[in-house]
Amino acid sequence: MDPITAISLGVTAASGIMGGLSSRSQYKYQQGIAQLNAKINEQNAAYQRQVGEIQAQRVGMEGAQRMGQIRATQGASNLDVNRGSQAGVQASQHAIILQDQATTRANAADRAYGYEVKKTQDVAQAGMYGAAARYALPASIIGTAGSVASRWMQAASVGAAPGGSGAGGWAGGMGLDLYGTGGLY
């Protein structure tokens, strides 16, 4: 094989391996980013649940304040606050407070669920990047081997590699005929 062909095949092989290493590094980096995003989304979901609970408590306190105002107003009117329609008004107000709290918690849970879905997607993405990183170098080596073999066959077909059928055998027409008489010219 002539030196230029050999160097070319060597460079092709080396660049294929370097490309595989580079791809593996890139996939590992992307895997790390996806894992960090998953962790952030997990924290965001927990934060949304905490915020929802705090908001629900605030709604409850505001409702308790309204309940106090209702009872005070009823009492100031010389009405029995524990019987009749006055008790019904208080019961209705209490039900509204509980419903408002439940709605606040449900809205927070919905926001948290959105982050949990994102976390699940990020975990899956990290897994895919991890698999891609594992197979990047072997895939690159296989692809490079195919490319080198193809170039070797091209070189052989023009007589630049051992086993070639081009003019003058593998010596490329430089006066050596290894397939014919074995001598010069």
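Where a number appears in this text, it was derived from the coordinates with a stated rule and is not lab data. Bear in mind the structure is a predicted one, so any value in this text is a computation, not a measurement. Note that we place each Cβ from the backbone using ideal geometry, even for glycine, and neighbour counts take in every protein chain shown.
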Run the dipole for segment 1-69 about the Cα centre, Lys and Arg Cβ at +1, Asp and Glu Cβ at -1, nothing else charged, and hand back the magnitude in debye, nearest 20. 240
To the nearest 20 Debye, how big is the dipole of segment 13-150 about its Cα centre, given +1 on the beta carbon of each Lys and Arg and -1 on that of each Asp and Glu? 240
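Working from the pairwise distances between different alpha carbons, so that the mean of 1/r is found and then inverted, what is segment 13-150's Kirkwood radius in Å?
19.7
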The farthest towards the positive end of the charge dipole of segment 1-160, of the residues 95, 121, 78, given +1 on Cβ of Lys and Arg and -1 on Cβ of Asp and Glu, is 78
